[in-house]
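Participant: I have a structure I would like to understand better, so I am pasting it below and will then ask my questions one at a time.
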Amino acid sequence: MYKKNSQFRRYFCKFTPIFAEKYISSTPPYQIAHGVYDHLLRLCLEQCGKVKRRQVFDEMPQRISQAFYACKVIHARSLILGFGLNGKLGNAILDLYAKCGNAGYTKRVFERLELRDVQGWNSIMSLYLRSGLLDRVVELFGSMRDLGVVPNPFSYAIVLSACGRMMLIEFGKQVHCDVIKMGYLCHSFCEGSLTDMYVKCNALGDARRMFDQLCSPSLVSWTAMITAYVQMGLLDEALKVFECMQSLGCVPDHVAFVTVISAFVNDGRLDKARELFTQMPLPSTVAWNVMISGYAKRGNEAEAVNFFLMMRKMGVPSSRSTLGSVLSATASLKRLDIGLPVHAQALKQGLDRNVYVGSSLLNMYAKCHKPESARQVFDSLDQRNIVLWNALLGGYVQNGFASEVVELFMDMKDGGLQADEFTYTSILSACGCLKRLDFGSQLHSVIIKTNFESNLFVGNALVDMYAKSGSLAEARQLFETIKGRDNVSWNAIIVGYVQEEEEDEAFGLFRRMISDGTPADEFAMASILSASANLKNLARGRQLHSLSVKYGLATSLFAGSSLIDMYVKCGVTETAREVFYRMHKWSVISMNALIAGLSQDNMEEAVKIYKLMLAEELCPSVITFANLLGACQSPCRFNLGRQIHCLLLKKGILYDDGYLGLSLLGMYMDSHSNEDANKLFLEFPEPKSAILWTSMISGLSQNNCHEVALGVYREMRSYNVLPDQATFASILKVCSFLTSLRDGTEIHCFVLRSGFNSDVLVCCAIIDMYAKCGDVRSSVQVFEEVDSKLDVILWNSIIVGLAKNGYVEDVLKMFGELMKSHVNPDEVTFLGVLSACSHGGKISEGRHVYNMMVNQCGIQPRNDHCACMIDLFGRWGFLEEAEGFIEKLQFEPDAKIWASYLGACKLHGDDARGKRAAEKLIDLDPHNSSAYILLSSIHASSGPGCSSMGGGAFTELGSFFHKGDGRGLRRNLMSWNKSVESPVC
């Protein structure tokens, strides 16, 4: 500090005995004292002039400390030299302490002043006014008047400002009378302060009368009237006063301009604000700040950034408000290329450690997906208050670093800071993402203890946390207790039910929200449309589409994307395209939804949407390429899949995300290109994930390369990669196809060691493997060892396994146990039981099971169920009942049903029914040779005097041949010598 103020030291050294000996010897003592006094006074006044409050507190706070130190040095020197606080020097020291904002020193100096003139009173009153001690201002003004000190116009301006802020209109009127009495009414300070006082006291009429009485209103008065109209919301009147001021030759200052511009910015009339801004000769930093923050807050972030760049080009210095606003705009735009230079400028100006700028930097880096940079900014800050902690926690939540949020929260608590509602919102969101119900419940207890449960933000976050953690009962209970529910409250609970696939409850809450008078926003509409998409309920989806049009949400980003997804999942791709092209703005999500639908039926159109995505300068996501690859399974699209593979390699993103690699591997496997799939698999870096190994095993299995798949599994184990449940399910399926009981048993042992023996999917695969290998005893043993048998898939595995091995009685027994366990059987369950009854000749049991499926369980019979029943009746000679069953079907019997019936007629020698069945079968499938062969066999065995296929048989067949073009018969003549079995279950 001494170095920074060396000019004071050098100056004062002139008056010490050592350096002033020659000067003292030639100068009279009274002149020496007078010269020192004048120099001290001049120095003090110079420091007063340097302290400009509007700049100090925003741009260069170090000036305050420098001026304060200088003041103490001058004060000390005046005491040492015996001047004390006498005369003008004492008042100047008082004024400098006041301008530095030090109330303690100012008060002590004021009390010790030998002569308190009006400037001294004004200094201490102005300090109390700036400090918000308005009562002290009024009290001091009264004391000054009681002591006979005559106020000057500045004194009246100070006390009138205090009256306006305290809304003391009666006392203000008394001061008004005193101003008139003193003849200061036309003084610029007084007239402006009087107008401003009446304005702040909401006495617009008095303010206008005061203003109209002025012969030549000052700039302060004009500004006060403009402010009055702005505060009353009369912007047009304020603009008229502003224009009138200009027409009368009064040039508006920056305060007047900023007042009017701010009013229009806050009213959303940015064009008018911009027009006024362009009229300013040299816009100040404050004016630029108003425009930048105005555009940023109104969603026009790009224009806010443009204003900032123009401001820099014109050389106008930035303030903390400037940097905070432009960083906020940059964060919304996710423009890191702009944010980095702004950060550099903050470093250059020394504002990077400011709390407001620091929190804006944290937010910018978080929105630009640079959480590590946000953490570096946070660590560099000396003062870390709750605002900065909240900014960092919120940034980590936005970037999906939920675990880090929990750690940071614990660090914050260890530092002794108390969480507020925004802190709890972030940490609860992290708990929801992590499904940390235990920690979330503990936080809930702390929230209740700290009385934050009634806070709407915290209440919404709690509902969201419980819903995402799968605890819908607690979420619903909390939701019902929230007072003043907003859209976020409704969205949290609706999304929770949709995610848990409880769509009916979600629809009920959505209807309740509408009836309660809360209009659906785009997030609520997007959620409820997702529920319709999950159910593939097109009728309800169309109703929601109409509602979204009513609310003006059909073309919004989130609701529009969900509409596209709903129509795509419901198979109405053309309507999805119409919704897409009506949207005002597209996103990667909306384009991905349309590509997913178009890629199945119209690949060319899907590729066009992809090209449109690139034209719109949107970055395709992993989902984009995965959707395109998912449709490249047929030979005609295989080359397109290869092109996408090349594009991914060119972009260098193939190995960044395992999902893309899996999609590409799946494309090659679905295209039966095992060699390409193997090459791609080998290109993946080591160590390969269990998911990649499983995808390879599953793909080879579906392409009937079971031996190779088993070899890949063994290679996987040689790399010490631990299989997961999907791996075990896939390799056990391979063992089932190979009927390799030895390999299957070994894998079963490894399942037991790995702890996956309680997984339902793995247990089902083990049961199926043992059943297909003929080891039914082991299959039943595995089933019995399962602790929880609440999943119908488990029951289906053992029932189908027993049925395929001919254990009919055991199937029926197992089905009975299923019904007693209160597990609802599904279509597969009944198909397995009916198949067992068919092969075991259980006619009455089959009838009972079928009736139970239709009448008791409400399951609509499929074609394969009906084919099983016909095979059951026909196989055991109940042809008449089988025929009656066919006639009672609610749908048109397909070829499989007639083939089953025809086989039964052949088996039991019923020619008449066989001919009718053959005719129906040939009508449905004229190119199927089995109908002709079976019918020929019927005629051969029943024709008069024929022991083999005779001419009569061909005569009868001729009535069927002429119905087609004959190509089916010629194509299938060579297959007549093949034996054809009845297609049964």
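Only the coordinates and a few stated rules stand behind these numbers; no lab work does. This one's a predicted model, so the numbers in the text were calculated from it and none came from an experiment. Positions of Cβ are generated from backbone atoms using ideal geometry, with glycine treated the same way; all protein chains shown enter the neighbour counts.
Participant: As a footprinting exposure proxy, order 456, 794 by other Cβ within 10 Å, with the fewest listed first.
Facilitator: Placing the least packed residue first, the sequence is 456, 794.
Participant: Could you go through the stretch 135-141 in sequence order and give the Karplus-derived ³J(HN,Hα) for each residue, using 6.51 cos²θ - 1.76 cosθ + 1.60 with θ = phi - 60°, rounded to whole Hz, and x for Gly and Pro?
Facilitator: Working through the residues one at a time gives 4, 5, 4, 5, 5, 5, 4 Hz.
Participant: Nearest 0.05, what FRET efficiency do residue 649 and residue 892 give at R0 = 41 Å with Cβ-Cβ as r?
Facilitator: 0.20
Participant: 7 Å from Cα along Cα→Cβ at both residue 587 and residue 857: what's the point-to-point distance in nm?
Facilitator: About 4.2 nm, to one decimal.
Participant: Another question about this same structure. What pairs from 651/679; 297/435; 297/468; 313/348 go past 24 Å between their alpha carbons?
Facilitator: Violating the 24 Å Cα-Cα cut-off are 297/435; 297/468.
Participant: Take residue 542 and residue 386, extend 7 Å from each Cα along the Cα→Cβ direction, and tell me the distance between the two endpoints in nm.
Facilitator: About 5.4 nm, to one decimal.
Participant: Once you compute Rg and the Kirkwood Rh from C-alpha atoms, what is the Rg to Rh ratio for the stretch 586-684?
Facilitator: So for the stretch 586-684, dividing Rg by the Kirkwood Rh gives 0.95.
Participant: As a footprinting exposure proxy, order 167, 291 by other Cβ within 10 Å, with the fewest listed first.
Facilitator: Lowest to highest Cβ neighbour count: 167, 291.
Participant: Also: Using the number of other C-beta atoms within 10 angstrom as an exposure proxy, rank 653, 528 with the fewest first.
Facilitator: 653, 528
Participant: So if I average 1/r over every pair of distinct C-alpha atoms in the stretch 383-458 and take the inverse, what Kirkwood radius in Å does that give?
Facilitator: The answer is 12.3 Å.
Participant: Oh, and also: Quote the Stokes-Einstein diffusion coefficient, in whole µm² s⁻¹, for the chain, based on the Kirkwood radius over alpha carbon pairs, a temperature of 25 °C and a viscosity of 0.890 mPa s.
Facilitator: 65 µm²/s
Participant: Over all directions, average the projected area of the Cα convex hull of the stretch 82-222 and note it in nm².
Facilitator: Spelled out: convex hull of the Cα atoms, projected over all directions, averaged, 8.5 nm².
Participant: Something else now. If you plug each phi of the stretch 859-867 into the Karplus form 6.51 cos²θ - 1.76 cosθ + 1.60 with θ = phi - 60°, what whole-Hz ³J(HN,Hα) values come out, in order, with x for Gly and Pro?
Facilitator: Here the 3J(HN,Hα) series is 8, 6, x, 8, 4, 5, 5, 5, 4 Hz.
Participant: Trypsin sites (Lys or Arg not before Pro) within the stretch 709-749: which are DSSP loop residues with at most 11 other Cβ atoms inside 10 Å?
Facilitator: Passing both the DSSP loop test and the Cβ count: no residue.
Participant: As a check on your grasp of the helix formula, calculate [θ] at 222 nm for the chain: sum -39500 (n - 2.57) over DSSP H runs of n ≥ 4, divide by the residue count, round to the nearest 500.
Facilitator: Estimated from H runs of four or more residues: -23000 deg cm²/dmol.
Participant: In whole Hz, what ³J(HN,Hα) sequence does the stretch 305-312 give by Karplus (6.51, -1.76, 1.60; θ = phi - 60°), x for Gly and Pro?
Facilitator: So the Karplus estimates, Gly and Pro as x, are 5, 4, 4, 5, 5, 5, 4, 5 Hz.
Participant: Taking the stretch 484-554, which GluC sites (Glu not before Pro) meet the DSSP loop condition and have no more than 13 other C-beta atoms within 10 Å?
Facilitator: Within the stretch 484-554, the qualifying GluC sites (Glu not before Pro) (loop, at most 13 other Cβ atoms within 10 Å) are 501.
Participant: Relative to the first principal axis of the alpha-carbon coordinates of the chain, what is the inclination of helix 204-213, with its axis defined by its Cα atoms, in degrees from 0 to 90 and to the nearest 10?
Facilitator: The angle comes out near 40 degrees.
Participant: Here's something else I'd like to know. Which trypsin sites (Lys or Arg not before Pro) in the stretch 790-875 sit in a loop by DSSP (not H, G, I, E or B) and have at most 14 other Cβ atoms within 10 Å of their own Cβ?
Facilitator: 862
Participant: Follow-up. Points 7 angstrom from Cα along the Cβ direction at residue 231 and residue 267: gap in nanometres?
Facilitator: The answer from the label model is 1.8 nm.
Participant: Tell me the net charge near residue 167. Cut-off is 15 Å between Cβ atoms, residue 167 excluded, with +1 for each Lys or Arg and -1 for each Asp or Glu.
Facilitator: It works out to a net charge of -1.
Participant: Take the alpha carbon atoms of the stretch 749-780, find their center, do the same for the stretch 237-306, and report the distance between the two centers in whole angstrom.
Facilitator: Cα centroid of the stretch 749-780 versus Cα centroid of the stretch 237-306: 76 Å apart.
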